[in-house]
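The values are calculated or read from the model by the stated rules, or taken from the named source; none is laboratory data. None of these values were measured; they are calculated from a predicted model. Positions of Cβ are backbone-derived with ideal geometry, glycine not excepted, and every protein chain shown enters the neighbour counts.
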């Protein structure tokens with residue numbers, strides 16, 4: 001009976017320790033609670049987001065788990081900032097579209113098998129296309145940058 005009582009008193013402490021440990025591991029891993037939901041189109045898994053400092057930090061940390069990271073930037077004069085609402089199309093080695101989505105933030109993490117892909121991104125009516133060769137065990141990062149024209153200053 002004494003053993004059962006000791007076990008029952010110690011169980012809440014043990015559960016608390018396990019929960020605290022899990023939270024510390026999650027926090028050290030970049031805070032998965034800050035990550036946008038993982039989505040899937042066909043066989044392609046992807047995560048899109050990075051709006052705000054904390055979510056951007058979590059996305060950068062999570063990018064190590066994806067073979068391809070796309071980053072979207074807009075430049076206006078000397079200023080540069082992240083941009084979102086970018087329409088992205090990824091065509092596979094045979095030319096077939098494997099992913100077509102709109103980026104919810106400046107980062108798009110894509111889980112693709114090794115191969116050569118053609119990535120097209122459209123922002124503010126401007127299209128950019130890049131090719132990328134994905135190799136097993138190697139991470140690739142493509143930055144798409146658009147130049148925004150600031151209106152001329154009036155008299």
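Take the residues in segment 94-112 that are in contact (Cβ under 8 Å) with a residue 60 or more places away in the chain and part of a loop (DSSP other than H, G, I, E, B); name whichever of them is farthest from residue 52 (Cα to Cα). This residue is 112. Scan segment 90-107 for residues that are surrounded by fewer than 18 Cβ atoms within 10 Å (Cβ to Cβ) and closer than 21 Å to residue 124 by Cβ and the total you get is 3. When segment 9-40 is examined, which residues are found to be over 20 Å from residue 71 (Cβ atoms) and modelled with pLDDT of 95 or more? 40 - this is the single residue of segment 9-40 that is over 20 Å from residue 71 (Cβ atoms) and modelled with pLDDT of 95 or more.
With respect to being over 9 Å from the mean Cα position of the chain (by Cα) and surrounded by 19 or more Cβ atoms within 10 Å (Cβ to Cβ), residue 86 fits the description.
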